[in-house]
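K.L.:
This is the structure, below, for whatever I ask next.
Please treat every number below as a calculation from the coordinates, not as lab data. It should be emphasised that the depicted structure is a prediction, and the values quoted were computed from it without experimental measurement. Please note: Cβ atoms are built from the backbone with ideal geometry, for glycine as well, and neighbour counts cover all protein chains shown.
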Amino acid sequence: MTEQRLPSGQVVYDPRGSVTVTPMALAPRRTSLNGLRIGFLDNSKWNASKLLRHVANQLETTVSVGQIQFFTKQSFSKQAESVLIDTIAESADIAITAIGD
């Protein structure tokens with residue numbers, strides 16, 4: 001939080017702060033989904049599962065995917081546990097997630 005003093009002498013605080021991050025390259029994009037193992041991560045919001053299952057059904061009818069697996073976070077308000085992320089990384093070639101309210 002930064003502090004600024006106005007000409008009147010009043011102190012104003014800027015709550016925005018700053019974030020320092022190291023830029024990272026994006027993962028290489030796949031040219032095809034054919035034969036790939038796809039992991040769907042449900043964030044546990046009301047309609048996330050419904051949306052992800054619809055996407056999975058669409059993929060199954062349009063692409064020859066290898067395997068589809070569904071995973072669920074314990075809470076939408078928390079990040080996925082590292083064990084869950086590791087499991088998805090080991091069992092899927094790509095991961096798809098969505099938010100659904």
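K.L.:
Nearest 5 percent is fine: what portion of the DSSP beta bridges confined to the chain is antiparallel?
P.N.:
On the way: 4 of 15 bridges.
Of the beta bridges lying entirely in the chain, close to 25 percent run antiparallel.
K.L.:
By the scheme Lys and Arg +1, Asp and Glu -1, what is the net charge of all other residues having a beta-carbon under 15 Å from that of Leu33?
P.N.:
For residues surrounding Leu33, the net value is +1.
K.L.:
Using modelled backbone amide H atoms (1.01 Å from N, in-plane), which distant-in-sequence or interchain residues come within less than 5 Å of Lys45's amide H?
P.N.:
Gly100
K.L.:
Sticking with this one: Output wanted: per-residue J couplings in Hz (rounded whole) for region 32-47, from phi through Karplus 6.51 cos²θ - 1.76 cosθ + 1.60, θ = phi - 60°, x for Gly and Pro.
P.N.:
These are the phi-based 3J(HN,Hα) values: 8, 9, 4, x, 7, 8, 10, x, 9, 9, 8, 7, 6, 7, 3, 9 Hz.
K.L.:
Helix 48-62 sits at what angle to the longest principal axis of the chain, using alpha carbons and giving 0 to 90 degrees rounded to 10?
P.N.:
Tilt relative to the chain: about 40 degrees.
K.L.:
Looking at region 50-100, which chymotrypsin sites (Phe, Trp or Tyr not before Pro) are in a loop (DSSP not H, G, I, E or B) and have at most 15 other Cβ atoms within 10 Å?
P.N.:
Those that pass, being in a loop and sparsely packed, are Phe76.
K.L.:
Longest exposed-loop-site-free stretch of the chain, with trypsin sites (Lys or Arg not before Pro), DSSP loop and at most 14 other Cβ within 10 Å? If you can, show how the numbers build up before the last one.
P.N.:
Details: sites that count: Arg16, Arg29, Arg30, Lys78.
Counting only loop sites that pass the neighbour cut-off, the longest clear stretch is 31-77.
K.L.:
Express the relative contact order of the chain as a whole percentage, based on alpha carbon pairs under 8 Å and six or more residues apart in sequence.
P.N.:
Numbers: 135 pairs, mean separation 33.7, N = 101.
This gives 33 percent for the chain.
K.L.:
Let me ask something additional. Compute the acute angle (0 to 90°) between the alpha-carbon long axis of helix 82-91 and the principal axis of greatest extent of the alpha-carbon atoms of the chain; round to the nearest 10°.
P.N.:
30
K.L.:
How big is region 3-78 along each principal axis, measuring the range of its Cα positions in Å and listing the largest first?
P.N.:
For region 3-78, the Cα spread along each principal axis is 68, 31, 19 Å.
K.L.:
Still on this structure: Less than 19 Å from a label point 7 Å out along the Cα-to-Cβ axis of Val55: which backbone N atoms in region 69-93 qualify, by residue?
P.N.:
69-81, 84-93
K.L.:
Below 20 Å, Cα to Cα, which aspartates and glutamates can Lys50 reach? Residues fewer than 8 away in the same chain don't count.
P.N.:
Filter leaves Asp42, Glu60, Asp101.
K.L.:
Related question: I need the GluC sites (Glu not before Pro) found in region 51-101, filtered to DSSP loop residues with at most 16 other beta carbons within 10 Å of theirs.
P.N.:
Working: sites: Glu60, Glu81, Glu90; in loops: Glu81.
Of the GluC sites (Glu not before Pro), the ones in loops of region 51-101 whose Cβ has at most 16 other Cβ atoms within 10 Å are Glu81.
K.L.:
Amide H neighbours of Phe40 under 5 Å, counting only residues 5+ apart in sequence or on other chains, H built in-plane at 1.01 Å?
P.N.:
Gln69, Phe70, Phe71, Ile96
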